[in-house]
Amino acid sequence: MDQILFNQLIWAWIFIGLLTMILLLFVTAPYGRHSKTSWGPMISNRMGWLLMELPALLLPFIIFLSGEGSSRRVIWILFLPFLIHYINRVLIFPFRLRTRGKKMPVVIVGMAIFFNSINGFFLGYYWGYFADGYTAEWLTSPQFITGLIMFCVGIGFNIRSDNMLIWLRKTSSNGYKIPYGGLFRYISCPNHFSEIIEWTGYAIMVWNMPALAFAVWTFANLVPRALAHHKWYKSHFEDYPEERKAIFPGIL
Ligand SMILES: NC(=O)c1ccc[n+]([C@@H]2O[C@H](COP(=O)([O-])OP(=O)(O)OC[C@H]3O[C@@H](n4cnc5c(N)ncnc54)[C@H](OP(=O)(O)O)[C@@H]3O)[C@@H](O)[C@H]2O)c1
C-alpha cells in the first residue's frame, strides 16, 4: 500500500470515529453498568475484555515485526508506550476486575474487536513500513518530550483511577459506590479523562496519522461513555457531589 492511500484511509477512519461519537451520544454502549440483555447473546465480562483488547496488542505487534521499522531502535522506542498500555489492558486489567457473574453482549465485543483491529492495523503498519523519517534527534525534541510527559501523566492517572474503582468492590460484590479522592473530586470518570490525555500525548510525541486517529477514536468512545456514567451516578445516588463534572474538570 502506498502512503497516500494509507493516509486517505486514515482520514476516512477519523471521519467514521466522529460519526460514531455522535451515535454514542444517543445510544449508550451496553457494557458495565449500562449492560443490556436486549442486545443478543452475552459473554462473561472478563472474557469479553480479554477478547476485545487482545487484537489491539497482537495485531499491531505482528504487523510491526513483519516490517523494516522493527530493525530500528528509535521506532521501538516510539512504539513502546503503546505496547506498555496494551500489555496492562490485555494481560493485567481483565484479571483484576471484580465483575464475577457479570456479562456483556457479544455484539459489543465484536464491535470493539473491529475498532481495535483497524486502529491496531494502522499503527502497526505505520511503525513497520512508513516510519523512515524518525531519527534519534526526534527523541530529544520539545514536542516528543511534551507528548511523553502527557502520556506518562495520562497512563499514571488512568491506572490509578481504574484501581480506585476496582478497590471499591474490595468488601462488597458487584454493586456500585460513589468514588471519592484523587481526580474523582472533580470528575466522575478520571479513568476516561486520563486515557484521553494519554493518547493525545502519544499523538503529540509521535506526530503521525495513525496516532491521531487513535486519539480521536478514544475521545469519541470515552466522552459519551463518561457523560452516560455521570448521568447514571446522578440518577442512582441522591448524595452525589453536585460540583463534580463528568469528564473535563470544571468544564463538562
Ligand atoms: N481507548 C478507548 O477507546 C477505550 C474504550 C473503552 C474503555 N477504555 C478504558 O478501559 C478502562 C475501563 O473502561 P470502562 O468504561 O469499563 O470503565 P468503568 O465503567 O469506569 O469501569 C471500570 C471498572 O470499575 C468498576 N466500577 C466502575 N465504577 C464503579 C463504582 N462506582 N463502584 C464500583 N465499581 C465500579 C466497573 O464495574 P462494572 O463493569 O460492573 O461496571 C469496572 O469493573 C478505562 O481505563 C477506559 O479508559 C478505553
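The numbers here are math on the coordinates, done by the rules we state, and not lab data. All figures in this text were calculated on a predicted structure; none of them were measured in a lab. Here the Cβ positions follow ideal geometry from the backbone for every residue, glycine too, while neighbour counts run over all protein chains shown.
Data table
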| quantity | calculated |
| --- | --- |
| Selected residue (criterion: farthest from the ligand (Cβ to nearest atom)) from residues of the stretch 206-238 that are on the phi < 0 side of the Ramachandran plot and outside any helix (DSSP H, G or I) | 208 |
| Residue 142, sole failed condition from (1) surrounded by 13 or more Cβ atoms within 10 Å (Cβ to Cβ); (2) more than 14 Å from the ligand (Cβ to nearest atom); (3) not hydrophobic (A, V, I, L, M, F, W, C) | (1) |
| Count - residues of the stretch 100-110 that are within 11 Å of the ligand (Cβ to nearest atom) and surrounded by fewer than 16 Cβ atoms within 10 Å (Cβ to Cβ) | 2 |
| Conditions (1) surrounded by fewer than 21 Cβ atoms within 10 Å (Cβ to Cβ); (2) in a helix (DSSP H, G or I); (3) more than 10 Å from the ligand (Cβ to nearest atom); (4) in contact (Cβ under 8 Å) with a residue 60 or more places away in the chain; number of the one not met by residue 249 | (2) |
| Residues that are hydrophobic (A, V, I, L, M, F, W, C), more than 10 Å from the ligand (Cβ to nearest atom), in a helix (DSSP H, G or I) and farther than 30 Å from residue 140 by Cβ, drawn from the stretch 178-205 | 183 |
| Filtered residue count, the stretch 174-207, keeping only those that are surrounded by fewer than 22 Cβ atoms within 10 Å (Cβ to Cβ), farther than 17 Å from residue 86 by Cα and touching a residue at least 40 places away in the same chain (Cβ under 8 Å) | 9 |
| Matching residues in the stretch 69-99 - criterion: being among the charged types (D, E, K, R) and either within 15 Å of the ligand (Cβ to nearest atom) or surrounded by 14 or more Cβ atoms within 10 Å (Cβ to Cβ) (or both) | 72, 89, 96, 98 |
| Test set (1) touching a residue at least 24 places away in the same chain (Cβ under 8 Å); (2) among the small types (Gly, Ala, Ser); (3) closer than 14 Å to residue 34 by Cβ - residue 235 fails condition number | (1) |
| Qualifying helices (runs of 4 or more DSSP H) (wholly inside the stretch 65-128; at least 3 residues being farther than 30 Å from residue 168 by Cβ) | 73-87, 106-125 |
| Pairs where the first residue, in the stretch 44-64, is closer than 18 Å to residue 98 by Cα and the second is among the charged types (D, E, K, R) and in a helix (DSSP H, G or I), C-beta under 9 Å, 6+ apart | 49/89; 53/89 |
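Here is a yes/no grid of residues against (1) of a type outside the set (A, V, I, L, M, F, W, C); (2) touching a residue at least 12 places away in the same chain (Cβ under 8 Å):
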position: 119; (1), (2): yes, yes
position: 123; (1), (2): no, yes
position: 130; (1), (2): no, yes
position: 136; (1), (2): no, yes
position: 140; (1), (2): yes, no
position: 147; (1), (2): yes, yes
position: 153; (1), (2): no, yes
position: 161; (1), (2): yes, yes
